[in-house]
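The values are calculated or read from the model by the stated rules, or taken from the named source; none is laboratory data. None of the values given here were measured: they were computed from a predicted structure. We place every Cβ from the backbone using ideal geometry, glycine too, and count neighbours over all the protein chains shown.
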Amino acid sequence: MRNPTVKTVVVPAAGMGTRFLPATKTVPKELLPVVDTPGIELIAEEAAQLGAQRMVIVTAPEKQEIMRHFGTFEDLCATLRSRGKMEQVEKVARAAQLIEAVAVEQDRPLGLGHAVACAETALGVDEDVVAVMLPDDLVLPAGVMEKMVRVREEFGGSVLCAYNVLPDEVFNYGIFDVEDAGADFEGFDVKRVRGMVEKPAVGEAPSTLAATGRYLLDRSIFDALRRIQPGKGGEIQLTDAIDLLISEGHPVHIVVHEGGRHDLGNPGGYIPANVDFGLRDPKYGPQLYRAISQILRDFEAANPGIEEYAQR
Ligand code: G1P
């Protein structure tokens, strides 16, 4: 069922993609494919499934190719059609059919909070919720935002998605300090948040519950973003604005996601995402399964003791 609550989804996509150099010298990382579909189109699909009509893409001036991906490509479609390649026509046309993509420029890389703040003027005046989806994060199966909408209807305020990470991974994420008592709300694990800290050192994190790229924020987040100082890394952090709202009594809850997750933001997460999606792909799956199994066998034979090494 389409949910009318979220009309616009904000997708910050202005990052420099440093972990993907040299590929990202000319190709924005959001356009790197998972099998054959750019990560940002997978996000558009998730946003459309949620019922959103518009995707506000926060881009950098040199990343206009992202917007081009949401064009109609009529000449290309006509050529493909004349050659009877109807399956490909559908693939080309799909992004523009999924959702209306609108660009907002972030001219300097001042952080995730700053990127979200850039989207304020692009939201309709009647929109009181700011839905943010980070294109680096694939949260599987899709549908966690629908749960978050339900939680916001019930508890008000802001709702985020959390994922349990290993204790030595906390320094990569915004980490939640939560109240002990979790509520089982409509079958999913919901917790009230007492505070949030951006990328804490290992051993100093309040929990192992990490923010994973899906946010349903009250519009008051824009005001909070104007009131915070640069935080971790000298950047305007979305985490700090959320923490400020909590300290002022604003209710914030998390939905603890129990499904899968891929981090497309670095090769170490991007490659497993491709393997996972590739194995499930009806066209490439069987062949890929054979190829990967063979690669693993060969690799293990050439590297005795590799299993132990990989545990590190
Ligand atoms: C951002 C957020 C962080 C969050 C993470 C999820 O960090 O600042 O709080 O946990 O996304 O992927 P980034 O990955 O951009 O460094």
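Enumerate the helices (runs of 4 or more DSSP H) found wholly within region 2-95, keeping only those where 3 or more residues are over 15 Å from the mean Cα position of the chain (by Cα).
Result: 65-68, 74-82.
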Practice task
Determine if region 272-284 includes at least one residue that is closer than 30 Å to Gly143 by Cβ and touching an Asp or Glu at 6+ places or on another chain (Cβ under 7 Å).
Solution key: no
Handout entry: Restricting region 238-257 to residues that are within 16 Å of the chain's Cα centre (by Cα) and outside any strand (DSSP E or B), the residue that is modelled with the lowest pLDDT
Key = His257
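Let me confirm something: among Asp180, Asp189, Asp168, which residue is among the acidic types (Asp, Glu), away from the ligand (no atom under 13 Å from the Cβ), touching a His at 6+ places or on another chain (Cβ under 9 Å) and outside any loop (DSSP other than H, G, I, E, B)? Spell out the reasoning first.
Values: Asp180 fails: touching a His at 6+ places or on another chain (Cβ under 9 Å); Asp168 fails: touching a His at 6+ places or on another chain (Cβ under 9 Å).
Of Asp180, Asp189, Asp168, the one residue that is among the acidic types (Asp, Glu), away from the ligand (no atom under 13 Å from the Cβ), touching a His at 6+ places or on another chain (Cβ under 9 Å) and outside any loop (DSSP other than H, G, I, E, B) is Asp189.
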Problem - Residues that are crowded, with 21+ Cβ neighbours inside 10 Å and either in contact (Cβ under 8 Å) with a residue 40 or more places away in the chain or of a type in the set (Lys, Arg) (or both), drawn from region 207-235 - result: Leu209, Ala210, Ala211, Thr212, Gly213, Arg214, Tyr215, Leu216, Leu217, Asp218, Ile221, Leu225
Exercise for the section: For region 268-310, enumerate the residues that are closer than 30 Å to Ile40 by Cβ and in contact with a helix residue (DSSP H, G or I) (Cβ under 7 Å, 6 or more places away or on another chain). Expected result: Val275, Gly278, Leu279, Tyr284, Gly285, Leu288, Tyr289, Ile292
Handout entry: Val202 more than 22 Å from Cys118 (Cβ to Cβ), in contact (Cβ under 8 Å) with a residue 24 or more places away in the chain and crowded, with 22+ Cβ neighbours inside 10 Å
Key = no
